[in-house]
Amino acid sequence: MAQTPRQPSIQAEETMPEIFVLKSTEIIFPEADAIQSEIRTLEQSSTALQRATSQLQSLRVATTADVPPWGYNVLDTSVQGDVNRALVFVQDLSGAGATQGMDQGLLTTVVRGVDDKGLPRYIEQFEIIEKPSQPGFNVDQITARVIARDVDSTTAAETTAAAGAVAPASLLSRFVKCVRGSCAQVCLGSLTACAGVWPVYLKCVAVACGGCALKCAACAGCNCSFFCKWAVGCCKD
């Protein structure tokens, strides 16, 4: 029996600032075309994305072309020369292996910059995230698991420190915990009231929570142990 196509939906007014500035940090919401350009660059250069794609194929799911990706850039504007940058975006996943009644997405995190010693660093992480399709779900039902990850470091000793920058399967959980805590009085209900596939859902939460969600989005990408601590604070698991 043919499945009814899932329609993207949104439960909040689609009004967001292009750039949100807090302290020395800019949070930019690029257009879908700009994210697609980033994806094409990763497809040509990222071995981690190649491994992630292989994992998706084995699970019989793939990114969905008809649902635009959504995400954000976090830029450190206080650094002269080299700029610390974190790019986070999500793509919808579908296919024969998709779990019925659940929305799956591919969450990509790319962090590039310099550490306190001035050494270049990068992190590439790819996670499968999952939530119930229907609104009103328990946010504890949101899950995430890393399927591929690359961390750049110059010595084995630094590898441990670098690996702590984005702990496995924790970026999304840190964001959710931050919204549940810091944004509770503003938009806690959006975590369960928003609906739609992952790119639409996260955009809805960000719209509903406004600046509070933006701060959570920034700090979720850092756990205080690496160069990303320049971001707006840092969230711990």
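The values are calculated or read from the model by the stated rules, or taken from the named source; none is laboratory data. This one's a predicted model, so the numbers in the text were calculated from it and none came from an experiment. Cβ sites come from the backbone with ideal geometry, for glycine too, and all protein chains shown count toward neighbours.
What do you reckon, is Asp66 among the acidic types (Asp, Glu), in a loop (DSSP other than H, G, I, E, B), surrounded by fewer than 16 Cβ atoms within 10 Å (Cβ to Cβ) and modelled with pLDDT under 80?
For Asp66, the condition - among the acidic types (Asp, Glu), in a loop (DSSP other than H, G, I, E, B), surrounded by fewer than 16 Cβ atoms within 10 Å (Cβ to Cβ) and modelled with pLDDT under 80 - is not met.
If I filter the range 116-136 down to residues being within 27 Å of Ser58 (Cβ to Cβ) and not charged (D, E, K, R), which single residue comes out as modelled with the lowest pLDDT?
Step by step, filter the range 116-136, then rank; the result is Tyr122.
Find the residue count for the range 26-38, including only residues that are without any contact (Cβ under 8 Å) to a residue 60 or more places away in the chain and assigned to a helix (DSSP H, G or I).
Qualifying residue count for the region: 6.
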